[in-house]
Amino acid sequence: MKINYTGFREMQEWEQWISINKPKLIHVANFEERFVREILARIPEITPNDVTAQYHFQFPNGSNGYIDFCIKNDSKGYFVSIELDGAWKANPSDFAALLERQNVMMASRIGSLLRFANSTWLGKSDQTIQTIRKVLEDQHKAFIGKVTTEDLVRLLKEMQDEIDRLKQQNSPNETAQLTAQLG
């Protein structure tokens, strides 16, 4: 029987994260702590260092808001906020407040916002994990594309600067030859 020490070590890291963040994970049904163990810890693209519980943001009026979880890693291009919602929000006045809060969150630059009903992530954990992984993958691809484009623009500018420098140092005939070679 082969023991997966990597998986064991990773689970220990998540358990340590849970222990440190315990005050932020308080929920009457223990849903937030369970979400970490049953969902977040099973996403191979992230580590506990990428996750913040009760991620702080500010409403336009200056009041504070908190999102259940935020996955953020600048080196991978991740910025995903996750809210867990219970059935109590189905009541009409609570639902209206929920939508208003969501609009404010989206305008507050909190990354991509994912909302999961507790009944969904509890009953469809694989689907929930795949949804989060897909958003992370899309964000990472966009980030890599942006970095690549920025690198190309920087490289082209450096080349143009070098051409300009060579033009100043060389005769018009030499400059024409260099430009033809680079073209």
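What to note about this one:
- Value in Å of the Kirkwood radius, where the stretch 94-179 supplies the Cα pairs that are averaged: 17.9 Å
- Here the Gaussian network model covers the chain, with springs between Cα atoms less than 10 Å apart; of Ile144, Ile43, Ile163, Ile163 fluctuates the most.
- Considering only Arg133, Arg115, Arg154, the mean-square fluctuation computed in a Gaussian network model of the chain, springs between alpha carbons under 10 angstrom, is largest for Arg154.
- With θ taken as phi - 60° and the Karplus curve 6.51 cos²θ - 1.76 cosθ + 1.60 applied, the whole-hertz 3J(HN,Hα) list for the stretch 156-168 is 4, 5, 4, 5, 5, 4, 5, 4, 4, 5, 5, 4, 5 Hz, x standing for glycine and proline.
- Using the Cβ of His140 as centre and a radius below 13 Å, the other residues enclosed give a net charge of +1, where K and R count +1 and D and E count -1.
- Surface composition of the chain: carbon and sulfur atoms hold 56% of the protein heavy-atom accessible area at a 1.4 Å probe.
- Rough spin-label spacing in nm, given labels placed 7 Å along Cα→Cβ, for Ile144 and His27: 3.2 nm
- Debye log10 I(q)/I(0) at q = 0.17 Å⁻¹ for the chain, Cα point scatterers: -1.15
- Result for the chain in a Gaussian network model with C-alpha springs under 10 Å: among His27, His140, His56, the largest mean-square fluctuation is at His27.
- With protein chains left intact and a 1.4 Å probe, residues in the stretch 35-84 average 42 Å² of accessible area per residue.
- With R₀ set to 41 Å, the beta-carbon distance separating Gln127 from Asp151 gives a calculated FRET efficiency near 0.70.
- Note on the chain: helix-only mean residue ellipticity at 222 nm, from DSSP H runs of 4+ residues weighted -39500 (n - 2.57) and normalised by residue number, equals -19000 deg cm²/dmol.
- Between Gln16 and Leu114, the simple label model (points 7 Å from Cα in the Cβ direction) yields a spacing of 2.5 nm.
The values are calculated or read from the model by the stated rules, or taken from the named source; none is laboratory data. If you're wondering where the values come from, they're calculated on a predicted model, not measured in any experiment. Please note: Cβ atoms are built from the backbone with ideal geometry, for glycine as well, and neighbour counts cover all protein chains shown. Accessible surface is based on the protein model in full, side chains and every heavy atom, while ligands, DNA and RNA are left aside. Shrake-Rupley method; radii C 1.70, N 1.55, O 1.52, S 1.80 Å.
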